[in-house]
Amino acid sequence: MLTRDDKTVPDCMDVLDSIASLGVRHIGFKDVGVPKETMHALADGIREAGATSYFEVVSETPEDCLSSAQTAVDLGIDRLLGGSDITAINQVIDGTAIAYYPFAGFPTGHPTDLGGTPDDIAVHCRDFMAKGAAGVDLLAYRATDADPVDLVRAARDALNPGELIVAGSIRGPEQTRLMAELGVDGMTIGTALFDESFAPGKKGIVAQLKAALDAIP
């Protein structure tokens, strides 16, 4: 994710250029942090790189979430993450090829924390899948009421065959390997790469991203 502290980084276009040689095939950004003109350029750049684009909604009000869903449509995004009003968002993206992954649990604040028990997560996952979601976006490592691993297991069991994307606060190779072992389909990593904390001692976004790619089984 071209994001830091739950915002798209201002120099996202420069970063995208710098990582082009790595052949990354999944690249995303948030609905806050840069103006829409930059979002359009970024979505075009991701598309031109041959990568799948992800757009994560972290806006907090229902109105802003729907506005961001419309922005995803306007940008031609491949995968829309976040939000929870699946009925309303499905109406916005109807007729597009966008795959939608709502937040399971009870996200609050910005940067976002996640409330909810494993049982809550399982209920949300089943409900979202019944309403046509491609899977869910789970802020497992932002959990305030449960162990992250318990939430991931609950989501994985409830989702089949839906996809599980774990987003937020993935900070190192051990977490990425653990998530893979638990059957997660995707993970978003942003802040840890820009802070150079994912792989301590490796300087720059390119070196950090290489370390992240190497850590994924």
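The values are calculated or read from the model by the stated rules, or taken from the named source; none is laboratory data. This structure is a prediction, so every number in the text was calculated from the model and none was measured. When we count neighbours, we look across all protein chains shown, and the Cβ atoms used for this are built from the backbone with ideal geometry, even at glycine. Surface areas here come from the heavy atoms of the whole protein model, side chains and all, with no ligands, DNA or RNA. Shrake-Rupley method; radii C 1.70, N 1.55, O 1.52, S 1.80 Å.
Things worth noting here:
- Temperature 10 °C, viscosity 1.306 mPa s: under these conditions the Stokes-Einstein estimate for the stretch 100-217, based on its Kirkwood radius over C-alpha pairs, is 110 µm² per second.
- In nm, spacing of pseudo-spin labels at Val123 and Arg177 (7 Å Cα→C-beta vector): 3.7
- Projected label points at Thr144 and Asp17, each 7 Å from Cα along the beta carbon direction, are separated by 4.1 nanometres.
- Close amide H contacts of Gly83 (hydrogens built in the peptide plane, cut-off under 5 Å, sequence separation of 5 or more or a different chain): Val57, Phe103.
- Rolling a 1.4 angstrom probe over the stretch 19-154 with all protein chains present gives an accessible area of which 48% lies on carbon and sulfur atoms.
- Base-10 log of normalised Debye intensity for the stretch 1-64 (one unit scatterer per alpha-carbon) at q = 0.20, 0.26, 0.27 Å⁻¹: -0.72, -1.16, -1.24
- The gain in end-to-end length when the Asn90 to Asp214 segment is fully stretched comes to 41.1 nm, 0.36 nm per residue minus the alpha carbon separation.
- Partners for Lys131 among lysines (Cα-Cα distance below 25 Å; same-chain residues under 8 apart left out): Lys30
- Solvent-free Debye scattering, log10 I(q)/I(0), computed from the Cα coordinates of the chain at q = 0.14, 0.17, 0.18 Å⁻¹: -0.80, -1.22, -1.38
- Remark on Met187: its backbone amide H falls under 5 Å from those of Val166, a criterion applied only to residues 5 or more positions apart or on other chains, H modelled at 1.01 Å from N.
- The phi torsions of the stretch 207-216, fed into the Karplus equation with coefficients 6.51, -1.76 and 1.60 and a -60° offset, translate into couplings of 5, 5, 5, 4, 5, 5, 5, 5, 7, 8 Hz, rounded to whole numbers, with Gly and Pro shown as x.
- In the full protein context, the chain carries 45 Å² of accessible surface per residue, based on a 1.4 Å probe and ignoring ligands, DNA and RNA.
- Asp113 long-range amide H proximity, modeled H, under 5 Å: Thr108
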